[in-house]
Structure formats: C-alpha cells, structure tokens
Amino acid sequence: MVEQPEWILASSSPRRQELLREAGVTFCVVIPVVEELDNRSHPELSPAELVLANARRKGMAVWREGDPRPILAADTLVVCGGRVLGKPADREEAIGMLRWLSGRVHEVMTGMVCVRGKEIRETIVRTRVTFRELDEAAIEDYLSRVDVLDKAGAYALQEEGFRIVERIEGSRSNVIGLPMEKVLDWWRETGV
C-alpha cells in the first residue's frame with residue numbers, strides 16, 4: 001500500500017486544523033493570500049456560488065504546478081431568512097447576528113475544493129441548525145465566554161454551543177468549519 005500523501009490545507013483556521021488532526025489526516029498549512037468575495041460586493045452570487053468561489057480562490061492561491069499534494073480549501077457561511085452572515089466586523093454586528101438567529105433555523109453552508117494537479121473537485125455541504133430563543137442576557141453571556149469575531153454567524157458550536165444551539169440536522173463538523181465526512185471520502189480516494 002502506498003503511504004497517504006500529505007495534504008496542503010489552504011486555511012489559517014485553527015478549527016479546520018484541529019478537525020483534520022483529530023481525524024488523523026497528515027497535512028501542512030499554507031495560508032492563502034486572497035481577498036474573499038462577499039455578498040455586499042457581489043450581490044449577483046448566490047450563497048452557494050459565493051462559498052465555492054471563495055474556496056476555489058483559496059485553493060488556487062496556493063496551487064503550484066508539479067506539486068503532487070492535494071490542496072484542501074473551504075469557505076463557510078451562515079444563511080438565515082435570506083440573509084448571508086459571514087464573520088462579524090465587531091461586537092455590535094455579532095450581537096445583531098445572534099439576535100437574528102435567535103429562535104430560528106438557519107443553514108451552515110461550506111464550499112469545499114480539492115485541487116490535485118489539474119483536477120479540481122468541489123462540493124457544497126449544508127447543515128440545518130436550530131437556535132434556542134436568546135434574550136439579551138443570554139447573548140451577552142455567550143459573547144462574554146466566546147470570541148466570535150472570526151466565526152461565520154458570530155458563534156462557535158464547539159465553544160459553549162450548547163447555550164445557543166437547540167438542534168443540528170446534518171454534519172456537526174460542518175458547523176465547526178469542515179465537513180469531515182466528505183473530507184475523509186476525498187482523503188481515502190487520494191491514498192492510492
């Protein structure tokens with residue numbers, strides 16, 4: 001059997017790195033230098049098109065011809081009631097996002113790309129998340145416990161998520177930052 005190749009993770013996300021480590025995937029990190037697209041500057045793109053475009057941009061930013069290692073890149077957004085929620089710019093925007101999500105069902109959408117040589121695979125994984133009803137005290141309590149400014153939708157399931165999330169339908173790891181079920185399928189496929 002041929003040894004599994006090392007992957008390149010095109011992401012600075014500590015959550016994505018942790019998920020890969022926990023699964024036993026060997027990888028190195030190359031942080032892509034790329035400007036991410038958003039729905040404000042590109043309103044013509046649907047949320048699905050946006051996450052795939054950003055994942056592609058990240059993957060291609062670290063791709064080098066002749067490097068046989070697969071590159072894994074991803075982008076995650078939260079979509080609720082027709083609004084696309086990325087990472088909040090500040091605490092006030094985070095409070096507004098949590099108010100918006102309170103008591104509602106939303107979708108966590110991750111666009112994922114695997115670049116190997118000239119082959120590009122891509123997919124979108126969607127998970128439905130139901131939030132608890134949150135009053136102002138619950139929102140303030142959550143924000144006092146968790147730094148949310150680098151998290152789509154202003155929350156982290158893996159950090160005190162039980163305080164705000166009532167139910168998850170689909171991939172739990174997708175909500176954390178990387179749909180590991182699909183990643184592991186791709187990992188096994190690249191191992192031969």
Original post:
Any idea how many residues of the range 155-180 are surrounded by fewer than 17 Cβ atoms within 10 Å (Cβ to Cβ), within 30 Å of residue 116 (Cα to Cα) and either out of contact with any strand residue (DSSP E or B) (no Cβ under 8 Å at 6 or more places or on another chain) or of a type in the set (Phe, Trp, Tyr) (or both)?
Top reply: 0
Subject >> Residues satisfying the stated conditions in the range 59-83, i.e. touching a Lys or Arg at 6+ places or on another chain (Cβ under 9 Å) and at positive phi >> reply: 81
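Each row is one residue, and each column tells you yes or no for (1) among the β-branched types (Val, Ile, Thr); (2) closer than 18 Å to residue 109 by Cβ.
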{"residue": "9", "(1), (2)": "no, no"}
{"residue": "20", "(1), (2)": "no, no"}
{"residue": "24", "(1), (2)": "no, no"}
{"residue": "31", "(1), (2)": "yes, no"}
{"residue": "56", "(1), (2)": "no, yes"}
{"residue": "62", "(1), (2)": "yes, no"}
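Here is a yes/no grid of residues against (1) surrounded by 14 or more Cβ atoms within 10 Å (Cβ to Cβ); (2) modelled with pLDDT under 90; (3) out of contact with any helix residue (DSSP H, G or I) (no Cβ under 7 Å at 6 or more places or on another chain); (4) under 17 Å from residue 113 (Cα atoms):
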| position | (1), (2), (3), (4) |
| --- | --- |
| 40 | no, yes, yes, no |
| 45 | yes, no, no, no |
| 50 | yes, no, yes, yes |
| 54 | yes, no, yes, yes |
| 70 | yes, no, yes, yes |
| 73 | yes, no, no, yes |
| 82 | no, yes, yes, no |
| 88 | yes, no, no, no |
Original post:
What pairs come up if the first residue lies in the range 4-20 and is closer than 15 Å to residue 188 by Cβ, the second is among the small types (Gly, Ala, Ser) and at pLDDT below 90, and their beta carbons are under 7 Å apart, counting only those six or more places apart or on different chains?
Top reply: 4/191
**OP:** Specify the residue that is farthest from the chain's Cα centre (by Cα); the eligible residues are those in the range 17-57 that are over 21 Å from residue 89 (Cα atoms) and charged (D, E, K, R).
**Re:** 44
Subject >> Unmet requirement for residue 4, which otherwise passes all of (1) of a type outside the set (A, V, I, L, M, F, W, C); (2) under 28 Å from residue 164 (Cβ atoms); (3) at pLDDT below 90 >> reply: (2)
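The values are calculated or read from the model by the stated rules, or taken from the named source; none is laboratory data. Quick caveat: nothing in here was measured; it's all calculated off a predicted structure. A quick note on method: Cβ atoms are made from the backbone with ideal geometry, for glycine too, and the neighbour counts reach across all protein chains shown.
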